[in-house]
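Notes follow once the structure below has been shown.
The values are calculated or read from the model by the stated rules, or taken from the named source; none is laboratory data. Note that the structure is predicted; figures quoted are calculated from it, not measured. Glycine gets a Cβ as well: all are built from the backbone with ideal geometry, and neighbour counts include every protein chain shown. Side chains are part of the model used for accessible areas, which takes the heavy atoms of the whole protein and leaves out ligands, DNA and RNA. Shrake-Rupley method; radii C 1.70, N 1.55, O 1.52, S 1.80 Å.
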There are 2 protein chains.
Amino acid sequence: MTRQQFLAWRMRPFLAGVSLAGVLGTANGAEAQALKDVQTPDTPLVLKAQGSFFVGGEKADQTEVELGNLGPGGHITVNQMYVRFMVPQDGAGNVPVIMVHGATLTGKSWETTPDGRMGWDEYFVRKRHPVYVPDQVGRGRSGFNQAVYNDARAGLAPAANQAVWLRFSDESVWPNFRFGARAGDPFADTQFPVAAIGELSKQAVPDISFGFPQPNPNWKALADLAGQLKGAVLMGHSQSGSFPLEAALLNPTAAKGLVLVEPGRCPEYTAEQIKTLATVPILVVFGDHRDNPTGLPALPTWQQRFEMCQGMIGRLKAIGGRAEMLAPPDRGIRGNSHMIMQDKNNLQIADLILQWIEEKARTSPGAKK
Amino acid sequence: MTRQQFLAWRMRPFLAGVSLAGVLGTANGAEAQALKDVQTPDTPLVLKAQGSFFVGGEKADQTEVELGNLGPGGHITVNQMYVRFMVPQDGAGNVPVIMVHGATLTGKSWETTPDGRMGWDEYFVRKRHPVYVPDQVGRGRSGFNQAVYNDARAGLAPAANQAVWLRFSDESVWPNFRFGARAGDPFADTQFPVAAIGELSKQAVPDISFGFPQPNPNWKALADLAGQLKGAVLMGHSQSGSFPLEAALLNPTAAKGLVLVEPGRCPEYTAEQIKTLATVPILVVFGDHRDNPTGLPALPTWQQRFEMCQGMIGRLKAIGGRAEMLAPPDRGIRGNSHMIMQDKNNLQIADLILQWIEEKARTSPGAKK
């Protein structure tokens, strides 16, 4: 038994009372708390601009059935990417940061935390960076192509043609997101606000993107967005942890820096691709308890992914690349989870990333600090 | 031939060049324009708070197949409602405004317009009202229950059990949203920024909610949100135009005012329901060209809906209710479309609604103007 397991075991009597409610979050009561728990900052947020827009999108010609039977066939837009943004009043010259969410989630990941604290979107703006938060193509406000579902419903296509919708159960996120070894049984030092775990559950949406053809349309959309911004730091998380790498391969000059937060993988790129990526500052971030089994047999541990990324960093550094690993446990910061941007010390972690951006990312010389 | 039709006909030679691109919006080029066209206001936006949270939600027990086959069965949350908010620094005492979008759309409806101008969300905040923008349950960042789709895909349920996903084609919105009598052929006086219609197309997402059981879960979620805010003005649009009425019936004291923007219907309520609604200030807003055929045979004209709402207003006024119609054409303001919050004169219309809120809604006595 490790010390961690011992601490968890020792806490079990105190956690017995939470059992199902603790695993799932209470649906009643929790919903009444969500707004009540939202904290108000001490100082106002002063924005030069805020709003939203779309990147990309292409026309699809669909039948009456595919459109849901209300009118004749016609065209719709698919594969567009919704982006919400905030530009600080005093951020002139500072590099924009694009924050991309992970599997079964939306841009909400970066907003107010499950327990009502400030999200990274606002914090980075308060640190004078324009922030752009997309919903991945196929999810949230970006929509998805519904044609095959309506065709199957009408008997015009086999239901097996439908792409699968992925969800993580409330129970499975405990080990996979490393809140604890088992559902309802948090690590003694966990930084995730487990009392508000019911609010994290509400952030989840069905995820169609594992059925996407390659290349994933998000890669080009992110590369285009970075280009339209005339350069940006691209930040991905989990499923999208490798998206900044893919976007940088499509548009290396627009990638002022890449921040891979708990990436699901660091792909085994070709020597030529590594050569391109070596021109871009790259920071990989992994939290604690990485050797905890994910509870999902198909998925490797996060320690295995950490090592995969260490391998990529090694290849990049071997040819002069500026890639590095940020592992808070190595600095004595313990208990960070996979949802590190929502952890109780999320702003402490943000400060480490912001410091890296100021020092290493290719920001404009005249940027305000 | 009416004058309107004559003007449209006279413009046809000038519009011939747009044909398909004009109907659909160009997918290439338009995407590069979207960010470029976003306008920056002259003065900063000063927020006391901004962020997001959820209202409602309940647990569903799902199988491995229903969750998408990655792990064992378990629980997820369904029927939650995502809400994004902005609170102005100088808005103390002013009534919050909840803005609910219509069919096949999300909260994006109220944000930056298709041609890059300020949306009503920010404008109402600049007019010192806290603003809360949900995504309807089942759409956007609120997610939906994917179980039946995965069951049908696996052959465990008939595909016919799947709820239908509704979309409006790019062609059908022209007559139905009253941009013009036919696709690509705008009314001469249209207020909708038709050159940016491709950006409106990108706002659309599949809409499952026509398959919802009654009562629609959005009604309670909105009533709960208004209650948590200790009173709010509820604004609905199109499909959700009647949602404020339903929310007020569930929680009349929390409904400080109802603004029904181009409601799809004003239901034929019972005498008892009308008695309850007569206690709440109600404003119904309809634009121009209401007698234009919708192009969708199942749907009545907007003039018929206008008259349905005039009937409801009459019933409310007959027993002392404070309900009224705002029809800009009656004030000489012509050409407003169904997407009136995105029309070129959207802030002019907003001012009329804000004036009604200041004068008629049940705001706090000490509210700042």
From the list A:Ala350, A:Ala318, pick out the single residue that is without any contact (Cβ under 8 Å) to a residue 60 or more places away in the chain and surrounded by fewer than 21 Cβ atoms within 10 Å (Cβ to Cβ). A:Ala318
Name the single residue that is surrounded by the fewest Cβ atoms within 10 Å (Cβ to Cβ) among those in the stretch A:164-186 being without any contact (Cβ under 8 Å) to a residue 60 or more places away in the chain and facing chain B (nearest Cβ under 8 Å). A:Val164
I'd like the residue in the stretch A:108-121 that is out of contact with any Ser or Thr (no Cβ under 8 Å at 6 or more places or on another chain) and in contact (Cβ under 8 Å) with a residue 60 or more places away in the chain and, out of all such residues, is farthest from A:Ala232 (Cα to Cα). A:Asp115
Note on the stretch B:107-136: residues more than 9 Å from chain A (Cβ to nearest Cβ) and either at pLDDT below 95 or part of a helix (DSSP H, G or I) (or both) are B:Ser109, B:Trp110, B:Trp120, B:Tyr123, B:Phe124, B:Val125, B:Arg126
Checked pairs for the stretch A:272-292, first in contact (Cβ under 8 Å) with a residue 40 or more places away in the chain and part of a loop (DSSP other than H, G, I, E, B), second among the hydroxyl-bearing types (Ser, Thr, Tyr) and open to solvent by less than 20 Å² (accessible area, probe 1.4 Å), C-beta under 9 Å and 6 or more apart or across chains, list as A:Gly287/A:Ser337; A:Asp288/A:Thr190; A:Asp288/A:Ser337; A:His289/A:Thr190; A:His289/A:Ser337
Quick check on the stretch B:65-81. Is at least one of its residues part of a loop (DSSP other than H, G, I, E, B), in contact (Cβ under 8 Å) with a residue 60 or more places away in the chain, facing another protein chain (nearest Cβ under 7 Å) and not polar (S, T, N, Q)? yes
Hits in the stretch B:37-51 (condition: out of contact with any strand residue (DSSP E or B) (no Cβ under 6 Å at 6 or more places or on another chain), within 7 Å of chain A (Cβ to nearest Cβ) and either at negative phi or open to solvent by 80 Å² or more (accessible area, probe 1.4 Å) (or both)): B:Pro41
Note on the stretch B:273-306: residues farther than 22 Å from B:Leu249 by Cβ and open to solvent by 60 Å² or more (accessible area, probe 1.4 Å) are B:Asp291, B:Pro293, B:Pro297, B:Ala298, B:Gln304
Is it true that some residue in the stretch A:269-284 is among the small types (Gly, Ala, Ser) and under 26 Å from A:Thr77 (Cβ atoms)? no
The lone condition B:Asp90 fails out of (1) facing another protein chain (nearest Cβ under 9 Å); (2) touching a residue at least 40 places away in the same chain (Cβ under 8 Å); (3) open to solvent by 10 Å² or more (accessible area, probe 1.4 Å) is (1)
Going through the stretch A:196-213 in order, the residues found to be at the interface with another protein chain (Cβ under 10 Å from one of its Cβ atoms) and within 17 Å of the chain's Cα centre (by Cα) are A:Glu199, A:Leu200, A:Ser201, A:Lys202, A:Gln203, A:Ala204, A:Val205, A:Pro206, A:Asp207, A:Ile208, A:Phe210
Among the numbered criteria (1) surrounded by fewer than 20 Cβ atoms within 10 Å (Cβ to Cβ); (2) within 20 Å of B:Gly140 (Cβ to Cβ); (3) away from every other protein chain (no Cβ under 14 Å), which single criterion is violated by B:Asp189? (2)
What is the number of the single condition among (1) in contact with a strand residue (DSSP E or B) (Cβ under 8 Å, 6 or more places away or on another chain); (2) of a type in the set (Phe, Trp, Tyr); (3) free of Cβ contacts under 8 Å to residues at least 40 places away in the same chain that A:Phe243 does not meet? (3)
List the number of the failed condition for B:Gly22; all other conditions in (1) on the phi > 0 side of the Ramachandran plot; (2) at pLDDT below 55 hold. (1)
Counted residues in the stretch A:53-70 being surrounded by 23 or more Cβ atoms within 10 Å (Cβ to Cβ) and more than 21 Å from the chain's Cα centre (by Cα) come to 4
Return only the number of the condition from (1) over 24 Å from A:Ile274 (Cα atoms); (2) touching a strand residue (DSSP E or B) at 6+ places or on another chain (Cβ under 7 Å); (3) part of a loop (DSSP other than H, G, I, E, B) that A:Arg362 does not satisfy. (1)
Of the numbered conditions (1) within 14 Å of chain B (Cβ to nearest Cβ); (2) among the aliphatic types (A, V, I, L, M); (3) in a helix (DSSP H, G or I); (4) over 23 Å from B:Ser142 (Cα atoms), A:Ala247 satisfies every one except a single condition; which is it? (1)
Being open to solvent by 20 Å² or more (accessible area, probe 1.4 Å) and aromatic (Phe, Trp, Tyr) is true for just one of B:Phe210, B:Phe243. Which residue is that? B:Phe210
Selection count, the stretch A:321-342, where residues are assigned to a strand (DSSP E or B) and in contact (Cβ under 8 Å) with a residue 60 or more places away in the chain: 0
Does A:Arg126 fit the bill of being over 15 Å from the mean Cα position of the chain (by Cα) and more than 27 Å from B:Pro134 (Cα to Cα)? no
Filter result (part of a loop (DSSP other than H, G, I, E, B), touching a Ser or Thr at 6+ places or on another chain (Cβ under 6 Å) and open to solvent by 10 Å² or more (accessible area, probe 1.4 Å)) within the stretch A:250-266: A:Gly264, A:Arg265
